[in-house]
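Trainee: Here you go, one structure.
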Amino acid sequence: MRLTRTRLCSLLVALYCLFSIYAAYHVFFGRRRRAPVGTPRGSRKAGSQAKERRGREQSVLESEEWNPWEGDEKSEQQQRIKSGLQILNKPTKEKLEHRVQIWGKAAIGLYLWEHIFEGTLDPADVTAQWREGQSVVGRTHYSFITGPAVVPGYFSIDVDNVVLVLNGREKTKIFHATQWLLYTQNLMQTQKLQHLAVVLLGNEQCDNDWIMQFLKRNGGFVDLLFITYDSPWINGADVLQWPLGVATYRKFPVVEASWSLLHDERPYVCNFLGTIYENSSRQALMNILKQDGSDQLCWVSAREQWQPQETNESLKNYQDALLQSDLTLCPVGVNTECYRIYEACSFGSIPVVEDVMTAGHCGNTSSHHSAPLQLLKAMGAPFIFIKNWKELPAILEKEKTIILQEKVQRRKMLLQWYQHFKAELKRKFINTLENSFFMNNKG
């Protein structure tokens, strides 16, 4: 009996010792074992924080890379997001109220769609037979079609409202433009279309009488006419001025602003690459450049005959000249307004514009007498306007005294202005269009 008690006590003591050892093991060694488990977790958290911090730093660096319309872009983006959310929160039937289709039958239509609307086209291939794009502005769905396959009567029409982009610069173009207008007239008469606006690449001497009969105020069916050059018809009501824009028919691209475009030193004071017409101010310009020796400071490449198309090499040379020059010389041609003005703006090269009225019927409106470039001046274009190329040597001398920082600020101002110019054109175009097409319907 005594032996049994002794064994029982020994067993209890042994169990106690084992328990004490187990407890001590967890107290002194268990925590140390858990520490390695926590370390990777902590590393992952620290790694993600570091990654997030690097992302923020990268974002700051990118934000420091100059964006000439950063403030406007942010506010516009916020407004787009807000508007988008408001539209999405409404019933599906109220998402879009109207549809407008733009038929691009002149290269100026690409300036409207890609540069003003900032739209894209599918396919991207400029030689494609059919190209199309879509954009939603407010409650209106805009679509754009262009290409050789866009032929009267050979494509389906599922809209009531159309903007027709036409070329009326010369007789052969006017013939094709008239065919399109007669086609749309038939669509209006059969009630397949309700409203029509025309964007017209007009004649350089403003000889556009052929289209007058189609305007609604003259008994026709064209609600609105947006026309290039300083036409005396412009009244701000049913006839409005439209910019010539860049030479999209020569594949001039949409240029994205970059840090180097703004900040880099440019090796040339000015540039002029173009056709020299006999007894023209362009010939006088070339003589002044040579007499003063300024042709050594400027990128100058003259040709005697106009070339409608560019090669890849000539287009690259032209763009390089714009990018590497502080000023772009813009002498008059058949008209004061030229593609070069807008192309220079795209690259931040200040246009030096010969501000004289050319021969023809342009200008001489009730509010502007013999005043060219009315649209650009009304929008406050930050150009250098001159009346005679004899003023150029003094301008070039002044350029030599301007430091890079001042040139950077000047480029920034030009790029900001050009972006605002295009945004304002889009706003006015849409407002005018929708007020004419849709407000009258509500009345």
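Trainee: Output the residues belonging to segment 246-291 that are in a helix (DSSP H, G or I), open to solvent by 10 Å² or more (accessible area, probe 1.4 Å), closer than 19 Å to Tyr418 by Cα and touching a helix residue (DSSP H, G or I) at 6+ places or on another chain (Cβ under 7 Å).
Mentor: Scanning segment 246-291 gives Thr248, His263.
Trainee: Residue check, Ala381 against (1) over 25 Å from Ile276 (Cα atoms); (2) open to solvent by 60 Å² or more (accessible area, probe 1.4 Å); (3) among the small types (Gly, Ala, Ser); (4) modelled with pLDDT of 95 or more, all met but one. Which one?
Mentor: Unmet for Ala381, out of (1) over 25 Å from Ile276 (Cα atoms); (2) open to solvent by 60 Å² or more (accessible area, probe 1.4 Å); (3) among the small types (Gly, Ala, Ser); (4) modelled with pLDDT of 95 or more: (2).
Trainee: Against the condition farther than 22 Å from Tyr229 by Cβ and touching a His at 6+ places or on another chain (Cβ under 7 Å), how does Val254 come out, does it pass?
Mentor: yes
Trainee: Considering only segment 122-170, how many residues are part of a loop (DSSP other than H, G, I, E, B) and either open to solvent by less than 60 Å² (accessible area, probe 1.4 Å) or not charged (D, E, K, R) (or both)?
Mentor: So the count comes out to 22.
Trainee: Please determine whether any residue of segment 356-369 is open to solvent by less than 40 Å² (accessible area, probe 1.4 Å) and not in a loop (DSSP other than H, G, I, E, B).
Mentor: Checked against the condition, which is being open to solvent by less than 40 Å² (accessible area, probe 1.4 Å) and not in a loop (DSSP other than H, G, I, E, B), segment 356-369 yields no hits at all.
Trainee: If I ask for residues that are farther than 22 Å from Glu434 by Cβ and out of contact with any Gly (no Cβ under 7 Å at 6 or more places or on another chain), which ones from segment 146-168 would you list?
Mentor: If the condition is that a residue be farther than 22 Å from Glu434 by Cβ and out of contact with any Gly (no Cβ under 7 Å at 6 or more places or on another chain), then Gly147, Pro148, Ala149, Val150, Val151, Pro152, Gly153, Tyr154, Phe155, Ser156, Asn167 are the ones that fit.
Trainee: Going through segment 384-436 one residue at a time, which ones are open to solvent by less than 60 Å² (accessible area, probe 1.4 Å) and not in a helix (DSSP H, G or I)?
Mentor: Of everything in segment 384-436, those that are open to solvent by less than 60 Å² (accessible area, probe 1.4 Å) and not in a helix (DSSP H, G or I) turn out to be Ile384, Ile386, Ile402.
Trainee: Starting from residues that are of a type outside the set (D, E, K, R) and open to solvent by 60 Å² or more (accessible area, probe 1.4 Å), keep the ones in segment 189-228 and report whichever is nearest to the chain's Cα centre (by Cα).
Mentor: Ranking the candidates gives Gln205 first.
Trainee: Sticking with this one: State all residues of segment 229-245 that are under 18 Å from Leu196 (Cα atoms) and open to solvent by less than 10 Å² (accessible area, probe 1.4 Å); if no residue qualifies, say none.
Mentor: Val239, Trp242
Trainee: Here's another thing I want to ask about it. Name the residue, out of Phe429, Phe385, that is touching a residue at least 40 places away in the same chain (Cβ under 8 Å) and not basic (Lys, Arg).
Mentor: Only one candidate qualifies: Phe429.
The values are calculated or read from the model by the stated rules, or taken from the named source; none is laboratory data. These numbers were taken from a predicted model, which means no experiment stands behind them. All Cβ positions, glycine included, derive from the backbone under ideal geometry; neighbour counts span all protein chains shown. Protein only, heavy atoms only, side chains kept; ligands, DNA and RNA dropped before computing areas. Shrake-Rupley method; radii C 1.70, N 1.55, O 1.52, S 1.80 Å.
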